[in-house]
Amino acid sequence: MQNNLPTKDEIRRIYLFESLDDEQLDEVIKSAYRVSLTTHERLFERGEHAERFYFLCSGQVKLFQVSAEGYEKIFEIIQPGQTFAEAIMFMEQHQYPVSVEAILASELYSFDMRVFRNILKESNDSCFRLMTTMSQRLHSRISEINSLALQNATYRLVNYLLEQIPDGATERPDIHLITQKSVIASRLSIQPETFSRILSRLIKDGIISVSRQDIAVHNVKGLRQFIVQ
């Protein structure tokens, strides 16, 4: 339906489409549609044939894989304003490497990989501009991976908490976790029991207090000390 299609202004803000002209954007829009997911609803499963990629408008989804032993590993939590599955269009095997499930009720735009790939084939300028943008994003993700690999669990959790504090807040900011602690722990590659021990240590030191999904930071400076040590 027409009212489910994104507008040019909406998709021009998506990094993948920044370099496209109006005619190219029209082609992308014609192939797009809106998807609604309820909480815990699956969008696609690992191994399914990949024909579309996605932009999250609202809500929250997780990219995950379940091991042969039944353990779930979360690779990424997608927030509004992020795309996912776009890299598959440049791969030889067009299969989704992970499963996707809504953590919260979510609204997404779905785009046809073939349409976008054909646009890039026909325009060298658009292709090279996109490569520049994707290279910049890749450097950012490499830095994140290095942080996960090289820093300890306390650093990762504290860094995550600091990222949730509004800019400029210095006195007793409150953090509301919209994502379950178990999901955050998996995303940060921290075992649940280790996650709980770190929170307990921060509570014992008087740096934070925790009430369900709400965290009050009593000592922002003290919290920051954990990532500068």
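Points worth noting:
- Failed item in (1) in contact (Cβ under 8 Å) with a residue 40 or more places away in the chain; (2) farther than 29 Å from residue 100 by Cα; (3) surrounded by 13 or more Cβ atoms within 10 Å (Cβ to Cβ), with residue 210 passing the rest: (1)
- Highlighted here are the helices (runs of 4 or more DSSP H) found entirely within region 112-193 that include at least 2 residues which are modelled with pLDDT of 85 or more and in contact with a strand residue (DSSP E or B) (Cβ under 6 Å, 6 or more places away or on another chain): 181-187.
- Residues that are closer than 12 Å to residue 11 by Cα and among the hydroxyl-bearing types (Ser, Thr, Tyr), drawn from region 34-61: 54
- Contacts under 9 angstrom Cβ, first residue in region 1-30 being over 15 Å from residue 130 (Cβ atoms), partner acidic (Asp, Glu) and not in a helix (DSSP H, G or I), 6 or more apart: 30/112
- Considering region 1-33, and only residues there that are modelled with pLDDT of 90 or more and of a type in the set (Gly, Ala, Ser), the residue that is nearest to residue 115 (Cα to Cα) turns out to be 31.
- Complete set of residues in region 119-132 that are of a type outside the set (D, E, K, R), touching a residue at least 40 places away in the same chain (Cβ under 8 Å) and either more than 13 Å from residue 87 (Cα to Cα) or not assigned by TED's automatic domain parsing to the domain that holds residue 12 (or both): 119, 123, 126
The values are calculated or read from the model by the stated rules, or taken from the named source; none is laboratory data. In this text, all values refer to a predicted model and were calculated from it rather than measured experimentally. Note: ideal-geometry Cβ built from the backbone for every residue, glycine included; neighbour counts use all protein chains shown.
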